[in-house]
Amino acid sequence: MPIVLRGARLRWPIAAMLAVVIGVSATMVLAARQRQADDPDHVDCNQVKCVALTFDDGPTPFTDRLLHVLQSYSAKATFFLIGNKVAADPAAARRIADAGMEIGNHTWEHPNMSTIPLGDIASQLSKGTQAIAAATGRPPQIYRPAGGLSSDSVRASAAQQGLAEILWDVIPFDWINDANTAATVYMLKTQIKPGSVVLLHDTYSSTVDVVYQFLPVLIANGYHMVTVTHLLGPRTPGSSYGGRDNGPPINDIVDIPASRIPSLPGTPSPKPAPNLPITDIPNQSPGGPPAQ
């Protein structure tokens, strides 16, 4: 009898310990699954609301701050970089890639791809790809023509180079509104819906301000910020996604209390960062903000 009792006394602590271990293990598994579900690289956009924020015309002096803002909210984005800017500052492109962001080709010099000579189309795409690949070690799979201006000839050349065209669903006119960030935020709030691809520009410090203050709104509304390729999946070279205009207002975004929106310093934004001059094609403007 004493031996049996001693064994019974031993079995109870062991059973309790096993229950604790099993409970802790189950909790850890659930937590790991939740982290993966929230990870912008693994989130299932068929099950949750996703949006792809895209930034054109970089890299710029404001890109590093934008990367910091995105990373602080565990957000991913796609950057369509101009090739001659990448060639001038390859380290900036590497920092974008190292931050886990997607990089797309925004041509070599940002000309109007629908009006340049046909013989210049291929080199505007290939030189942009080469600059990005040299800086980051990875050639882009997607491109965006300046202003979304394209043609069958542009898409045919892109197909030969393994590039798919990505335009957008939401255009908040951040480059027109600039310091009037409330106008840009209004467009975002009324136009974004699950699955939207949003056009923005990190040539404007004010756009970084908008992202800094609007990400908490998106998160509170259940949105996950992902890359274009994560949202849309691999695209067929030569295909085109999106358009150049907004659709009717969606009004899917609900406001949050002002106390939950981070404040900005009471100083004017720096002047926008201009694009570099076009040297390869006569009578073409690089667009973007005017040179100061």
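The values are calculated or read from the model by the stated rules, or taken from the named source; none is laboratory data. Everything numeric here is computed off the predicted structure, so don't read it as measured data. Heads up, the Cβs are rebuilt from the backbone with ideal geometry, glycines too, and the neighbour counts pull from every protein chain shown. Keep in mind that these areas ignore ligands, DNA and RNA; they rest on the heavy atoms of the full protein, side chains included. Shrake-Rupley method; radii C 1.70, N 1.55, O 1.52, S 1.80 Å.
Relative contact order of the chain, please, whole-number percent, based on alpha carbon pairs below 8 angstrom and at least 6 residues apart. Contact order relative to length: 23 percent. If you sort Tyr241, Tyr204 by accessible surface, 1.4 Å probe, largest first, the order is Tyr241, Tyr204. How large a share of the accessible area of the stretch 183-227, in percent, is made up of carbon and sulfur atoms when the probe is 1.4 Å and the other protein chains stay in place? C and S fraction of accessible area: 58 percent.
Can you tell me which of 217-230, 100-113 comes out highest on packing, and rank the rest after it, using the mean Cβ neighbours within 10 Å?
Values: 217-230: 19.9, 100-113: 24.4.
Result, highest mean first: 100-113, 217-230.
Normalised per residue, the accessible area of the stretch 205-292 is 55 Å², obtained with a 1.4 Å probe and no contribution from ligands, DNA or RNA. In this structure, the amide hydrogen of Ala164, modeled 1.01 Å from its nitrogen in the peptide plane, lies closer than 5 angstrom to those of Ile142, Tyr143, Gly238, counting only residues at least 5 positions away or on a different chain. Kirkwood hydrodynamic radius of the stretch 59-140, from the reciprocal of the average inverse Cα-Cα distance over all distinct pairs: 13.0 Å.
Quantify how much of the Cα-Cα distance distribution of the stretch 198-253 extends past 14 Å, in percent. Within the stretch 198-253, distances greater than 14 Å cover 71 percent of Cα pairs.
When Lys and Arg each count +1 and Asp and Glu each count -1, what net charge do the other residues less than 15 Å away from Val254, Cβ to Cβ, add up to? Net charge around Val254: +2. Leaving out ligands, DNA and RNA but keeping every protein chain, what accessible area does Arg95 have, in Å² rounded to the nearest 10, with a 1.4 Å probe? Surface accessible to solvent at Arg95 totals approximately 100 Å². Put a dot 7 Å past the Cα of Gln47, heading toward its Cβ, do the same for Ala88, and the two dots end up 4.5 nm apart. Taking every full run of DSSP H in the chain, the ones that stretch at least 30 Å from end to end by Cα along their long axis and average -0.5 or higher on the Kyte-Doolittle scale are 2-38.
Taking all protein chains as they are arranged and a probe of 1.4 Å, the heavy atoms of Asp41 leave approximately 80 Å² accessible to solvent. Among the lysines of the chain, pairs that are 8 or more positions apart or on different chains and have alpha carbons within less than 26 Å of each other number 11. Placing one identical point scatterer on every Cα of the stretch 172-279 and ignoring solvent, what is log10 I(q)/I(0) from the Debye formula at q = 0.14, 0.18, 0.19 Å⁻¹? Calculated log10 I(q)/I(0) at the listed q: -0.67, -1.03, -1.12.
The charge dipole of the stretch 119-245, taken about the Cα centre with unit charges on the Cβ atoms of Lys, Arg (+1) and Asp, Glu (-1), comes to about 320 debye, rounded to the nearest 20.
How big is the convex hull of the Cα atoms of the chain, per residue, in Å³? Don't skip to the end; give the middle numbers.
Numbers: hull volume 53.4 nm³, N = 292.
Dividing the Cα hull volume of the chain by its residue count gives 183 Å³.
Sort 47-54, 131-138, 114-121, 81-88 by the packing proxy (mean of other Cβ within 10 Å over each peptide's residues), most packed first.
On the way: 47-54: 20.4, 131-138: 17.5, 114-121: 14.5, 81-88: 24.0.
Going from most to least packed, we get 81-88, 47-54, 131-138, 114-121.
Summing Lys and Arg as +1 and Asp and Glu as -1 over all other residues whose Cβ lies under 12 Å from the Cβ of Leu67 gives a net charge of +1.
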